[in-house]
Structure formats: structure tokens, C-alpha cells
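Everything on this sheet refers to the single structure shown next.
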Amino acid sequence: MGGASRLRKAAPPGLAAVPAAFIGVFFLYPLVGVLTRSFDAGTLLETWRNPVTTDVLWFTTWQALASTGLCLAVALPTAAVLARLRFRGRRLVHALLVVPFVLPTVVVAAAFLSLMDRLGVTDRFHHTVWAILAAHVFFNYAVIARSVAAYWSQLDPAPEQAAAVLGASPLRVFGAVTLPRLAPAIGAVSAIVFLFNFTSFGVILILGGPRRATLDTEIWRFAVQRLEFDTAAALALLQLLCVLMLVVGATIWQRRRHVAERLRSEGARRVRGTADRALLAGTLGMAAVVVGLPLAMLVERSLRSGGSYTLANYRRLGQGGERLQALFVSPVAAIRHSLEFAATATGIATLGGLLVALAVSGRRRRGAATLEGAFLMPLGTSAVILGFGMLLVLDRPPLDLRLSWWLVPIAHALIGMPFVIRSVTPALAAVSPRLREAAATLGARPARVRREVDLPLALRGLAVGAGFAFAVSLGEFGATAFVVRPERPTVPIAIFRLLGRPGEAAFGQAMAMSVILLVMTAAAVLLIDRLRPAGAADF
Amino acid sequence: MTTGDRSGGEGLEVRDLSVSLDDHEILRDLQLSVRRGEILALLGPSGCGKTTLLRTIAGLQPPAVGSVSWAGKDQRSVPAHRRRFGMVFQDHALLPHRNVGANVAFGLRMQKVPVPERRRRVAEMLGMVGLAGYERRGVATLSGGEAQRVALARALVTEPKLLLADEPFAALDRPLHDRLLADVRQILTELCQTAIHVTHDHLEAFALADTVALMRHGRIDRTATPHELRADPRDAWTADFLGLGTVWQPPPGSPPLTGTTIRTPWGPLRLDAATPNRPPTGPPAGTDKDAAGGGRCLLIRPEAVQGAGSGGVTATVSDIRVAGDRTIATFEVPGAPPLHGYLPASFTPASTHRIALDPAGVTMLRADP
């Protein structure tokens, strides 16, 4: 019976054809381009055997490990407080904690530059691994705290209570019961954070300088500065293999560790007693130092010029002038470019993501997971590889986009689309099939059911996804650094160039622009958090 | 409100219907007919396939074999949205992003009914279900009973040929349940609405329906009026499912049940061949495997249990509960199933009494194979 079988699917799978073609041409094709280039060049093994490569790989790995360990040490107490204590402003703290994660890497780098400047330790720490580690902690502190807290707060407290009744001290309870139960969540988020740190680009490029190079910064240096594509491709292949190994390893570990935990909602209790209050104060203080201080210093530095507080740095942004020759364009123009790129990229990502989500929601569970996974691939690939691939393959007919305005928004849309899919798919899956059936028995055709039932109910998720796509596009640096046209820089690119210029004026302007980018991104993120339905997926 | 195709003429015919879900046969060779204007209750225990049958009729579930037709026209190639069968779901299935008025107006909008008429009909229907003026309320603010009334209004306002209701009252508490039941019966009768009402609650089925279709193991066991079912349940399973009384199986080798005096744990009992003690007549609908006879057993209704003064047998009252304006006592006699009877409220638990059976309250049944 036609009507019945059509109803169970929200949409025909053909809907996904357009976004599939998009991913195929602009993601898979460039990726294949990187692979073939690395094999064809014949210099693959030579590059890999080079002691410089070994050094870079070693540094990439250990800085990522150290960053992850440091992040865990700093973030776990916060996770405990967020999971177990209920206090006024808890939701706000939750929301504010997302901000660092979506902040553009250049803004974070700029924030740490101004912090070092303020503390007068620039000479000691700039271009050292310490600056890198601190910035990585800033970035991932909230990722760990939020995701571990989300899992923790749903754990049934009964086993802890049982252990306490059996005579275990609170510390003993934590070590013997809670920590092992949290292991799956901690393991999963550690793998993700390690991956972020391993493929970190903007932070390392700016804070690490020429002395501290990772695989991703080396790929950029060889491809963009030295135009040695063969070497860059060999390094890219090495990076891809490392990431693949990590992902496979993490997946296997997670499967093995999987324990069926009985989850319940909200095990948090009210703050009571001095111990709780001290714990809460300590945590909020820690969050303020880790997240708040660098950002406060960034704002402070942007308002300082020539030893006094002034808006001069901001005023200078409007002027083209001789001082900004290296930019080719005024910073204000860069803001305009960024907004245009972000709007276009958000449009593409939202439409594509919606089509994919509609197609996925019509399928049986297993097929849906595979299909969705295919479209989430860009999320697991470093932006540097994506940008490099596009640079490699989209430079000849029929797809000669080197000079095209579209290259940047396309790259941003690829990175933004997974966020849209991840927010819309759960919203669609939550639509009860009864509602579709009710609409059908009332005379709505399948297409009408989609428009009247699925679409309105997924709208909130769609808005959240679009907000993320917009924020991600505003701050995107890794892929943009490869595909941007010199005369059309985005805000992050303009900040990067300003930071590369000598002089107090350029530095002050970079800080001012970083603050503007910070405000734009934070506004988008806080808006998203207001829209986000309770209990929706975290990224 | 027009009642054009709601009364008289041919209604729903379900023929030889078989439906499988995930290789599991849910409905087997099922037959069912519903006359126009008739309220039919589809009664059966959970898992017997009631919901699947309803969804198949609605067009939400493809049949493997067989046909569903309305007014002689096969509906197999007609998709759900063109059948004009209204449906009320157990969980209401109100659209959460629309208010009460928009939910009720949804079907009329699909039929492209002009706005002024749409408004008028929505208001009229909301008044009918007792929710006049609720148009602008959000559906999340409704109580369970109100939500169910809105769901009913939404289905009825489109003047469906057939109303399908899937356990719509299952989630409601008893007083609300009973009030809504009476209201729904009145509304459906007033509209001459043909309806199939799925339920597992025999009291609900008896209170609402003109006809009850008893469903068991994926087929319709029997279709009868509530009175017929109650007077002559025919077999032990039905009597037990309808909660009509205690079913007692005579020990093997007992003499025939009619014309002789039977020894029961509650004393001797002599049944005449006349009604209401007549033996089951004919096989139940859709099956003939028991036509040859098989075992017989007795249904002992509460009204059969009488106080016996000095005669009868001694029974212990194990439980007392009040049902409506009567008191039902449970009597225990060693070696016999518990027996329920209507008795004066002065009885207390654990007291003993002498009881006997009145043949007028005993019905003969076919035993379960």
C-alpha cells in the first residue's frame, strides 16, 4: 500500500543526493587529491624519514598529550560541581562555558598574547610550549567539564550511597566507585580533546611561532609559504594516518569499556554547608581564571594604546591608510567579508544539513547511522587538510575555483554542515510517528506532512545548527588560510596578518579586531544556548 | 452539520485480512463488517492485534492478504490521507506547535474549507466536546481528558466516513474515563457517526458500543451485542475475559450436565435443558474446530450464589469489596475455585456461611480446548 510505506519515511532518500554531491566534490575529491599527490610525488618516504619530520611528529604528539592531561586535571573538579551541585546561575555558567570552545583560534591566541603582555612575560613565554598548553587548556576546559558533567549528572547515585553506607570515606568512594564509572565519559572526551590538540593549527601558528611546529603548521608552511606541495602532501598523509589510528583505537577502547549504566536525570543537589560553598567558590574562581582572565586581558589590551586607555585601536580599524598596506583592505572591509562568507556558508550548510537530516530520519536505524556518519566526516578531518586538498584539486578545469569568491564559503559550509545535521537529526527523530499518522488521517499528503509536522518541529534544532554554522564560519582559520584570496581576507585572517606585523599600532588593532570577533561569536553562541531544547546533543 | 454518508447503506467490509509485522503474523484471515451509523467496539486482550487491525483499516499499515473496502469500494490503493477515516490515538497525537483551534482546524485546512466556515465548524465542534472557547489554548496546557476531547473534535470535525479510536481513554483515571465515555457515546449517536472503538476493557466496550467484536489471537472470535455476549458467553475464555463469574470445570467422567443432578463443590445442582442454561449453540465465528463438541463447563455468576440457611455447604468469606451499590464477597470452599457472590454488607472477612447455587444464575459453556 503506497500511502502506508511512504508514511514511515519522513522523506525519500533522494533528498540527500544534492548534499552528497556537494560533499563528494568539495570534500572527498580534495581528500583523494591529497592522497594521490602524496603517492605520486615519489618523495613520500624521503619526507617521512627526514629527522625534521620525526621531530615535528614527536612534538605534535607530546604537546597534545600534555595539553589533554592538563585539561583533565583542571576541568574534572568543575565537572563534579556542575554535575552534583545545584546553585543559582548554574545555567548561565553552563552557557558561558561553551563560549571558549567556539571562539576563533586567532582570538584565543590574541587573548594569550595580551595576557603575556600584561604580565610582562612575553619574552619568557612567547613561542614556547607553555603558551600553547595554556591556550589548549582554555579551549578544552569547557568541553571536558560540560561533557563529563552531563554524563555524571545522569549517573544513579545509588552505588556511591551504597559504598558510603558500607564505610567508604568520600575520597575512597570517588576513587573506587565514581571514577571507574566515569571512565567511559572521560575516555571519550579525552580522545576528542587529544584530537583537537593534535590537529591544532591557529594557536600553534601564532603562539608557537617558527620554533614550535606541528604537522598541521608544517603542512601550511610547505604548501602556502614555500609552495612545496609534494612535501606538504606527504605530511598531510602522515597526519591523516595518525588521526585514523587514533579514531580507530578510541572506538575499539570505547566498545570494550562499554558498560550499561542505569541513567537517570538530574542527580544534582542544593548547595549546603561550608564544604559545598568552598567547593563552588573554588570552581567558579578556577573557571574565571582559566576562561575569564585571558578574555578580560584581551579586552583591556584592546582599549590601551600608548600607555593610556582609549578607543584609538578601534578608531584606526576604519582607516585604510598607509599603515595597513600589507592588508590590501581595511579591517572594516574584512568584517564585511566575514559576514558575507558566514551568511552564505550558513545558508548552504543549513539547507544541506536539513536535506541530509530529512533523508536520515526516514531510514531504519542502521542505515541511518551509516548515512549520517558519511556526512559527519568533515567534522573529523582537520581544516588544514581540507583547505590544502581544495587548494590542490580545485585549480584546474572543470573546477577552477582558485579565483572564485565561493571557495571560502564552500569550505566553511563543509565544516558547518555536520553541526546542522547533529542538531536537526535528533529533533526530527523526536517527532512521534503518531503525529505524522494523525496528519495523514486528516488528509495531509506525505509532502504536506513534512511541511506541516516535521519542519516546524525541527525548526528549533535547525536554528541551533545554523547558529553554530555561522559562529564556526566567522572564526574559521585553518581551511581559510589555504583558500582565502589576499584581497578578500576574513577577520581571523586579518588578525593573523596584523599580528605578523611589527609595531604597537598593528598589535593594538589586532586586539581590537579580536574583541569584535569575540563579541560576534559569543552573541551567536549565547543565542544558540537559549534556543537549545533541554537535553539536546552537545558537540 | 451534514450527515450525508453517515447513515444507512453499506459500510466497512474487511475480508480475509492477514497482516504480518517483522515476519510475525498479527492478523490471520480476519473478517469484520461495520454497518453505517454503527458503533462497534473491538474488544480483546492486549497483543491480540486490535491496534494493527485499526491501523490497517486507516491505511497506516499495509495488509499482506485480503481487502478493506468501504461502501463496496476496495481501499487498498487509497492512501491514508485520501480515505477520509478519522483517527483518535491513545496519546492524542496533537500537534505540539499548534494551538487547540489550529489542531482541530487541521483537517478542514487540508480539505481547503474556507476560513470563515472553518472557524464556525471548529467552534461548533469544540462546543460539542465541551471545550467551547478553547481555540487559543496551547495543547501543552491541556489535561489528559481535555487533550482527548480535542483529539476527538479534530477527528470528528472533518466528518469522517468512519471514526477509528485506538484505546483513547486508556490513560485516563476512572471518574474522568466514565464521564468521557458517556459524552462520547452521546456525541457519536447524535452525529450518527460510524465508529470503531478499540479497547481491552469490557465495561468500556459494553457502555459505548452497539456491537462488540471480540478479538483473540489475530481474528474476530465473535460479533454480538453487549447483551448477547453477557447472556451467552458461549465459552470459558470469553466468560473469564468478560469477568462474568467463576468458571468451573466438572471432573472427568462426570455425567452429562443437563437433565441430571451434578455434584459441585458447592452442593448439588440440577440444570434444565431450557435457557439460560442451554448448551452452546453452533461454533463461534470464524472457527469450526469445536463444532463436534469437546468439554463442557459451567459459568457460575454472582447472582447464582445464595445463602442456604441450614442446607448447602460451608464457605469462608476470604474477601469483600464494594462494586457500585452492591457488595461482592469471595467465598472459599476447600478444593474449589473461589466463588464471587452478591451478598449483604453485614458479612465480614473470615466469617463462614452456608451457601447454595441457584440454577438460574448458572450458564453452560464450552470448555477451552
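Listed from fewest to most Cβ neighbours within 10 Å, the set B:Cys297, B:Cys192 follows the order B:Cys192, B:Cys297. Across the range B:264-269, coupling constants 3J(HN,Hα) worked out from phi with the 6.51/-1.76/1.60 Karplus curve, θ = phi - 60°, read 10, x, 9, x, x, 9 Hz, and Gly and Pro carry x. Any idea what angle helix B:100-110 forms with the longest principal axis of chain B, computed on alpha-carbon atoms, 0 to 90 degrees, nearest 10? In chain B, helix B:100-110 runs at an angle near 70 degrees to the longest axis.
Distances between every pair of Cα atoms in the range B:12-231, grouped in 5 Å steps from 0 to the bin holding the largest one, split as 1, 7, 15, 19, 20, 16, 12, 7, 3, 0, 0 percent. Among the residues of B:73-86, the average count of other protein chain beta-carbon atoms within 10 Å of the residue beta-carbon is 5. A Förster distance of 41 Å, applied to the separation of the beta-carbon atoms of A:Arg402 and A:Trp253, puts the FRET efficiency at 0.45. A Förster distance of 45 Å, applied to the separation of the beta-carbon atoms of A:Ala73 and A:Glu504, puts the FRET efficiency at 0.80.
Where a ≥ b ≥ c are the square roots of the eigenvalues of the C-alpha gyration tensor, would you call the range B:81-167 rounded, which needs a/c under 1.5, or, failing that, prolate if a/b is larger than b/c, or oblate? In terms of gyration-tensor shape, oblate.
Subtracting the Cα-Cα distance of B:Asp16 and B:Asp173 from 0.36 nm times their residue separation leaves 52.8 nm of extension gain. For the protein assembly as shown, adding -39500 (n - 2.57) for each run of n ≥ 4 DSSP H residues and dividing by the number of residues yields -16000 deg cm²/dmol at 222 nm. For the protein assembly as shown, a Kirkwood radius taken over Cα pairs fed into Stokes-Einstein (25 °C, viscosity 0.890 mPa s) yields D = 74 µm²/s. Residues whose amide H comes within less than 5 Å of that of B:Val65, counting only those at least five positions distant or on another chain, are B:Ser18 (H built at 1.01 Å from N in the peptide plane).
The H on the amide N of A:Leu85, modeled in the peptide plane, is under 5 Å from the matching H of A:Arg269, each at least 5 residues off or on a different chain. Label sites at A:Thr310 and B:Arg270, each approximated as a point 7 angstrom past Cα along Cα to Cβ, lie 12.4 nm apart. Once the C-beta distance of A:Leu526 and B:Ala323 is scaled by a Förster radius of 51 Å, the resulting FRET efficiency is 0.25 to the nearest 0.05.
With both residues required to sit in the protein assembly as shown, DSSP beta bridges show an antiparallel share near 75%. Working note: Karplus 6.51/-1.76/1.60 with θ = phi - 60° gives the range A:395-407 the couplings 10, 9, x, x, 10, 8, 10, 3, 9, 6, 5, 6, 4 Hz, where Gly and Pro are set to x. Stretching the chain fully between B:Ala350 and B:Asp23 yields a gain of 112.5 nm (0.36 nm per residue, less the alpha carbon separation). Residues A:Glu452, B:Glu190, arranged from fewest to most other Cβ atoms within 10 angstrom of their Cβ, appear as B:Glu190, A:Glu452. Taking a straight line from the alpha carbon of B:Lys112, these aspartates and glutamates sit under 20 Å away, with near neighbours fewer than eight places off in the same chain left out: A:Glu437, A:Glu452, B:Asp5, B:Glu124, B:Glu135, B:Glu159. 3J(HN,Hα) along the range A:49-57, derived from phi through the Karplus expression 6.51 cos²θ - 1.76 cosθ + 1.60 where θ = phi - 60°, amounts to 7, 4, x, 4, 4, 4, 4, 4, 4 Hz, with x in place of Gly and Pro. Working from label points 7 Å from Cα in the Cα-to-Cβ sense, the B:Lys112 to B:Asp74 distance is 2.9 nm. In terms of surrounding Cβ atoms within a 10 Å radius of their Cβ, A:Phe101, A:Phe201 rank from fewest to most as A:Phe101, A:Phe201.
Peptide B:102-109 has a mean shielding of 3, counted as Cβ atoms of other protein chains within 10 Å of each residue's Cβ. Annotation: amide H-H contacts under 5 Å for B:Val305 (H modelled 1.01 Å from N, sequence separation of 5 or more, or interchain): B:Tyr342, B:Asp358. Mean partner shielding of peptide B:93-101, defined as the number of other chain Cβ atoms within 10 Å of each residue Cβ, is 4. Taking B:Ser33, B:Ser18, B:Ser77 in turn, the Gaussian network model of chain B (Cα-Cα springs below 10 Å) assigns the largest fluctuation to B:Ser77.
Modelled this way, with points 7 Å down the Cα-to-C-beta line, the labels at B:Thr225 and B:Arg35 are 1.0 nm from one another.
Rule-based calculations on the coordinates, nothing more; no lab input. Everything numeric here is computed off the predicted structure, so don't read it as measured data. Backbone-built Cβ (ideal geometry, glycine too); neighbour counts: all protein chains shown.
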